[in-house]
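The values are calculated or read from the model by the stated rules, or taken from the named source; none is laboratory data. Here the structure is a predicted model, which means the values were calculated and not measured. Note that each Cβ is placed from the backbone with ideal geometry, even for glycine, and that neighbours are counted across all protein chains shown. Keep in mind that these areas ignore ligands, DNA and RNA; they rest on the heavy atoms of the full protein, side chains included. Shrake-Rupley method; radii C 1.70, N 1.55, O 1.52, S 1.80 Å.
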Amino acid sequence: MQSSRVAITFAILILIAAGAALAIGHPGFAITIAVASAAGAFAVWMSLPPDGQNLVETSGETEATLPLPAVVTLTDDAAIILDGNRIAHANAAALALFGPHIEDEDYRLAIRHPAVTDYLATETTEPLDVIGIGGSDRRFLLHALTIAPGYRMLRLADRTQAHVTDQMRTDFVANASHELRTPLATILGFIETLQDANRPEEAAVRARFLGIMLGEARRMRQLVDDLLSLSRVEADRFSPLREPLAVGPIAEEVAATIATAEALPPKRLTVNAAPNLPPVAGDRAQISQLLHNLISNALKYGRADTPIRIDLAREANELRLDVIDQGDGIPPEHLPRLTERFYRVDPGRSRAGGGTGLGLAIVKHIVERHRGRLEIDSTVGVGTRFRIRLPALSEPLSS
Ligand code: ADP
């Protein structure tokens, strides 16, 4: 019971007693009753706990006091204390979720969720999954606990992010399995065909089929390699980077390897490093991989024979690395999703070029691990620039 209710009850009693005395024609007696009652009310008022504490009564007796407002501050989850159906206290997270006005409201009006109303009408202690409070795709786990006769505490733990993460994990496994299954199905199909194509005149067919199988097997190997890279970069997420790296020579090395492997004409791929580039704290293998993925994409999605530039410069206290191609560009609506795993603008073109859809996801994780930023700028029909900014180390490299 609340102190304000006790005080109101006493005030009414005083008025009734004084009124009765007046009615029977004893004004002096009425004054005496009023003074005595006022003194009694004052004594009871003084004995009440300060505001914000609650008397909990069992079998008509005051049994204990509970610091209820303090209880709801013990959690960052939204927490509410119900006195019957009335919201007696709500913590900051609950006020943010349902609005600042909910204290003293009936919870059925404040929360307005039929599943919650049904759930709280039962005595169950099993938590309830609630979808749609505070936004149509938000998810909460609701716990309700009776903390004293007539009083219940509700806790709503936000499970939205955990659900998104779970969903991503499920999608990832489904996508990876699908990506592996497709070339595997092709290989199995050709093996079955080859088993029957063993006549000498079928040599040319056998050679063609074996060529296709080799291509599909390589695709599977690339996918497994990319999956392993991604998981390694994620596993290394929190390990510190202490090695000071000169990114210019790494870029030269990666560009030379790709130019040789792809037999590129001179000047197709150029590295332009400004003088006095600052070192960065980095992981050499990961910076190589980042460059490899970006340059390979520039080749895959660039137009034949157009130049690809890798520019390195210092900008304030950052190292800026640009990989620029003159390809078909990327329509703006795809840009925000480009670094998602298995996201491709044109899946057919990506697969035809040996793409796995994981290259930019790996790049993003490497950039994050190096506390850098990735910016993608693209104009359809003109080309694309991938820009990476890495924090520069202030000390120059000793060698
Ligand atoms: P993929 O293995 O398919 O190349 P990535 O993760 O490296 O996967 O890239 C994702 C998608 O981004 C590609 O499928 C392609 O559609 C697009 N993309 C990446 N780099 C470029 C680029 N330089 N020019 C145009 N599109 C690109």
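Compute the accessible area per residue over region 240-351, keeping the other protein chains in place, probe 1.4 Å, unit Å².
Value returned for region 240-351: 50 Å² of accessible area per residue.
For S136 and A96, calculate 0.36 nm times their separation in residues minus their Cα-Cα distance, and state this gained length in nm to one decimal. List each step's numbers first, then the result.
Numbers: separation 40, 0.36 × 40 = 14.40 nm, distance 1.63 nm.
Contour length minus Cα-Cα distance gives 12.8 nm.
Taking 7 Å along the Cα-to-C-beta vector as the label spot, tell me the R349-T117 distance in nanometres, rounded to one decimal.
5.4 nm
Calculate, in nm to one decimal, what A157 and R314 gain on full extension: separation in residues at 0.36 nm each, minus their alpha carbon distance. Mind dumping the intermediate values first?
On the way: separation 157, 0.36 × 157 = 56.52 nm, distance 4.58 nm.
Contour length minus the Cα-Cα distance gives 51.9 nm.
Kindly report the accessible area of region 79-236 per residue (heavy atoms of protein chains, probe 1.4 Å, no ligands, DNA or RNA), in Å².
Values: 9280 Å² over 158 residues.
Counting only protein heavy atoms, the per-residue value for region 79-236 is 59 Å².
R373 versus A185, label points 7 Å from Cα toward the beta carbon: distance in nm?
In this crude spin-label approximation the distance works out to 4.3 nm.
To the nearest 20 Debye, how big is the dipole of region 93-201 about its Cα centre, given +1 on the beta carbon of each Lys and Arg and -1 on that of each Asp and Glu?
Numbers: 10 positive and 16 negative charges, 31 e Å.
I would put it at about 140 debye.
At a 1.4 Å probe radius, carbon and sulfur cover how many percent of the accessible area of region 245-294? Mind dumping the intermediate values first?
Values: 1330 of 2360 Å².
Whole-percent figure for carbon plus sulfur exposure: 56.
Take the alpha carbon gyration tensor of region 230-387, find the square roots of its eigenvalues, order them as a ≥ b ≥ c, and report rounded if a/c is under 1.5; if not, report prolate when a/b exceeds b/c, else oblate.
Details: a/c = 1.58, a/b = 1.20, b/c = 1.31.
Oblate, because a/c is 1.5 or more while a/b does not exceed b/c.
Under 1.5 on a/c is rounded, so check that first for region 119-169, then, if it is not, pick prolate when a/b is larger than b/c and oblate when it is not; a ≥ b ≥ c are the square roots of the alpha carbon gyration tensor eigenvalues.
Values: a/c = 2.94, a/b = 2.52, b/c = 1.17.
Cα axes put region 119-169 in the prolate bin.
Subtract the Cα-Cα distance of A203 and T124 from 0.36 nm times their separation in residues, and report this length gain in nm to one decimal. Before the final figure, lay out each step's value.
Numbers: separation 79, 0.36 × 79 = 28.44 nm, distance 7.27 nm.
That works out to 21.2 nm of additional length.
List, in order, the whole-Hz ³J(HN,Hα) value for each residue of region 340-346 obtained from phi through the Karplus relation with A = 6.51, B = -1.76, C = 1.60 and θ = phi - 60°; use x for Gly and Pro.
Using θ = phi - 60°, the values come out as 6, 4, 6, 7, 9, 6, 10 Hz.
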